[in-house]
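Each remark here refers to the structure printed beneath this line.
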Amino acid sequence: MDRIGSLRVREGSSDQLRWQPNTAGTFSVKSAYEWWRFTRSGSLPPSPRYSQIWRPKVPLKIKVFMWFLSLERLVTRAYRARWAPNDSMACPLCAEPLETVLHLFCTCPVTKEFWEEVGAQTGFRTSFTSLEELWAAQPGRTNSTNNSLEAMIARTIIPAGTWTIWRTRNEAIFRGARVYKENMWDMFRGCIRDWGRFIAKAEEVDFRGGRLCVTG
């Protein structure tokens, strides 16, 4: 065995490609992400937003939506003003002057009332004054029995809530639909029930008496 600098060269063997961040020498998305995280942020833990985006068992389009939300790249009216400065920037839910991501999903009066209803019905803390609080929420913690199945379904609360807000906002803009708290709750509950049935293969997933209920 010869050496070239610090490299060991074995005679009679062919060259091989090895992925250095993985001890097995094979590429994986997980090892690439860990390498990227380490080189970008040292040994800091990943942002809590990633567990809110990728961990819940929800449709792929919801994960993509959550990803754009985390980057604040959703086309709110404030974002759209970059290329259409003369268009209205008012929030379509409450008519306040500036529809930003923070306003739409956290501080809008209509949104806050919706989150309060979600909290009352699910037993989950859903009062957010910042996007950081939204991403740092612990959806696996409810006042129901904290078994793995209910925790998996509870993790869909943030995706279902933000998706409900976004859909309601779009229907108000593009269809002229009026905003009702009852309609938002029904839309949210429909997401939880549909996704929960898929996760649990249960006959019924719902919220009763301020707790998550799974039967089947």
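Some values worked out for this structure:
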quantity: Set 209, 190, 176, 161: member being open to solvent by less than 30 Å² (accessible area, probe 1.4 Å) and without any contact (Cβ under 8 Å) to a residue 24 or more places away in the chain; calculated: 190
quantity: Every residue from region 154-185 that is among the charged types (D, E, K, R) and modelled with pLDDT of 95 or more; calculated: 167, 169, 171
quantity: Some residue of region 17-37 being open to solvent by 50 Å² or more (accessible area, probe 1.4 Å), outside any loop (DSSP other than H, G, I, E, B) and modelled with pLDDT of 90 or more; calculated: no
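The values are calculated or read from the model by the stated rules, or taken from the named source; none is laboratory data. Computed from a prediction, not measured in an experiment: that's the story for all the values here. When we count neighbours, we look across all protein chains shown, and the Cβ atoms used for this are built from the backbone with ideal geometry, even at glycine. These area figures cover heavy atoms from the full protein model, side chains too; ligands, DNA and RNA do not enter into them. Shrake-Rupley method; radii C 1.70, N 1.55, O 1.52, S 1.80 Å.
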